[in-house]
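No lab work stands behind these numbers, since they all come straight from the coordinates. It should be emphasised that the depicted structure is a prediction, and the values quoted were computed from it without experimental measurement. Note that each Cβ is placed from the backbone with ideal geometry, even for glycine, and that neighbours are counted across all protein chains shown.
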Amino acid sequence: MIRRNILLNPGPATTTDTVKMAQVVPDICPREKEFVSVMREVEEGLLRIVHADPEEYAAVLFCGSGTINMDICLNSLLPAHKKILIINNGAYSSRGADICEYYGLPYINLKFPLNSRPDLPLIEKTLQENPDIALVYTTHHETGTGLMNPLREIGALVHRYQGVFAVDTTSTYAMRPIHMEKDEIDFCMASAQKGIMAMTGLSFIIGRKSMIEASAEYPKRSYYCNLYMQYAYAKAHGEMHFTPPVQVIYAVRQALLEYFEEGEAGKWARHCRVYQAIRTGLSAMGFRIYIPEELESGLVAAALYPDDEHWDFEKIHDYCYEKGFTIYPGKVENLGMFRLCALGAIDEKDIREFFSVFQEALQHCGVAVPVQYNDRIS
Ligand SMILES: *Cc1c(COP(=O)(O)O)cnc(C)c1O
């Protein structure tokens, strides 16, 4: 009935028909008790995914795309006269630095190469030399390249220096197993259209209640995007402060049921299968992956454009799109790349079908397969 598109872009992801259809509900005012109980169910599920004890942690919901979470954490969790440390090895952490810039927040932008792990001793040295750092922010998985960051190790350092650790987990949450305590996370975040495989419009931050409560005293830098305000309102009324994305929340409830049915381990195993099929397909065609294998997330493969005069990403994209497969460009300046992501409700078979279309697309454009690289890039 509904055409099934295979989205290999980094979110929104392919959804099941049952999640799509869950949005079709009788009209309801979100202030009704019936809707409040749907919200409660969703909050509980979101906490359970990251093994967060509801006594210690809260899930705070917002209407917006994933970037709203980054904005909220950075502007809400900084005490007066303190500083933020951004551990930056990718486009999403750079966005975090941009947010600090826009709010005029004092921050240190600790930059590392985009294709390697951040240097832990340098992070420790920075924390040691700047006792006014109160909030440390990084990205779990840099979706632009497919690089994974070592959260536990960074988190342990942050906590050794009494910092608050906020992590953008938008492209790992509900895919790779995450455990708030064991992974040393105080705040994590995601939005409904990625790992939980629902629709765009709902984003959420999971964080330590004691830290959110402490932030009531911090300078207020935004009205709509303030963490404590939204938390306190939900605690008192069980609802979002302003109009929630009603139908998306019904889709999220259904997506959570399907998440727990598949299970944390089962879902991660499926993502791994899909990723393996992507990697196998790419290497069979001779493509090179930007990130060294041992640092890959297992969710996003960023392949370098081959050195072939007939390579035309737009043309290849359009060919695949016509057949129901969406591929996505890279996100690193001056380096031609495209990305294939293992996010949504897809499996190995979809990837095998994709590669037969992708082969056709390259043939159609006259690109030689296996693809070639001049050895100046490696
Ligand atoms: C998708 C994503 C976001 C949010 O992007 P939006 O376009 O605002 O939804 C943030 N961080 C990471 C790591 C992401 O992958």
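Structural remarks
- HIS310, HIS141, HIS241 arranged by Cβ crowding within 10 Å, fewest neighbours leading: HIS310, HIS241, HIS141
- From the C-alpha gyration tensor of region 311-360, square roots of 5λ in Å: 20, 14, 8
- Charge tally in the Cβ shell below 12 Å around PHE112, where Lys, Arg are +1 and Asp, Glu are -1, PHE112 excluded: 0
- Gyration tensor (alpha-carbon) shape descriptor, the chain, a/c threshold 1.5: oblate
- The chain: most fluctuating residue of GLU322, GLU262, GLU124 per GNM, C-alpha cutoff 10 Å: GLU322
- For the residues ASN226, ASN130, ASN69, a GNM of the chain with alpha-carbon springs under 10 Å puts the largest fluctuation on ASN130.
- Fewest-first sequence of ASP168, ASP312, ASP53 by Cβ atoms within 10 Å of each Cβ: ASP53, ASP312, ASP168
- Cα-based shape type of region 172-212, given that a ≥ b ≥ c are square roots of the gyration tensor eigenvalues and the cut on a/c is 1.5: oblate
- Fewest-first sequence of VAL252, VAL167, VAL274 by Cβ atoms within 10 Å of each Cβ: VAL274, VAL167, VAL252
- Net charge, HIS159 excluded, C-beta distance under 9 Å - Lys, Arg +1, Asp, Glu -1: -1
- Counting 0.36 nm for each residue step from CYS29 to GLU293 and taking away their Cα separation leaves a gain of 90.1 nm.
- Highest-MSF residue in the chain out of CYS100, CYS188, CYS341 [GNM, Cα springs under 10 Å]: CYS100
- Tensor-based shape of region 51-155 (alpha-carbon gyration tensor, a/c under 1.5 rounded, otherwise prolate or oblate): rounded
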